[in-house]
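Quick notes on the structure that follows.
The values are calculated or read from the model by the stated rules, or taken from the named source; none is laboratory data. Only a predicted model underlies this, so the values are computations on that prediction, with no experimental measurement involved. As a convention, Cβ positions derive from the backbone with ideal geometry for all residues, glycine included, and neighbour counts pool all protein chains shown.
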Amino acid sequence: MPYIAPFQFYVDAFFELGTCRSGGMGLTPIPFTSIVEYAKIFDVEEVEEFIYLIRLMDNVLLEAYDQKDKESKNGNRKKKTSG
C-alpha cells in the first residue's frame, strides 16, 4: 500500500465529491460547481490545484469504468456469437 498520508485530504475530498455525481445511466463526472463549493467550505488555499487534482482522479476513474464497460460488452458479444 503506498504512503498517501500527505494526500489524504485530496483522497477524502474525491470520495466525498463522488456523492455529487448526477444519477442516471452510467458514471458521470463530478460537477465543477461541487468541486468549487467543496474548496470554499474547506477553505482550500490552492483552489486551481485542488480542481486539477480532483479532475485528474475523476478522469482516471471514469476511463477505468469506461474500459471495464467496453470489456464487459465485448465479452457479452463473444458469448452471444459463439453460442
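Residues in region 37-64 that are surrounded by 13 or more Cβ atoms within 10 Å (Cβ to Cβ) and farther than 18 Å from Phe7 by Cα: Glu37, Leu62. Note on region 1-51: among residues that are within 17 Å of the chain's Cα centre (by Cα) and hydroxyl-bearing (Ser, Thr, Tyr), the one that is nearest to Leu61 (Cα to Cα) is Thr28.
Here region 27-83 is the region considered, the condition is being aliphatic (A, V, I, L, M) and farther than 15 Å from Tyr10 by Cα, and the residue that is modelled with the lowest pLDDT is Leu27. The requirement of being of a type in the set (Val, Ile, Thr), touching an Asp or Glu at 6+ places or on another chain (Cβ under 8 Å) and touching a residue at least 24 places away in the same chain (Cβ under 8 Å) is satisfied by Ile30.
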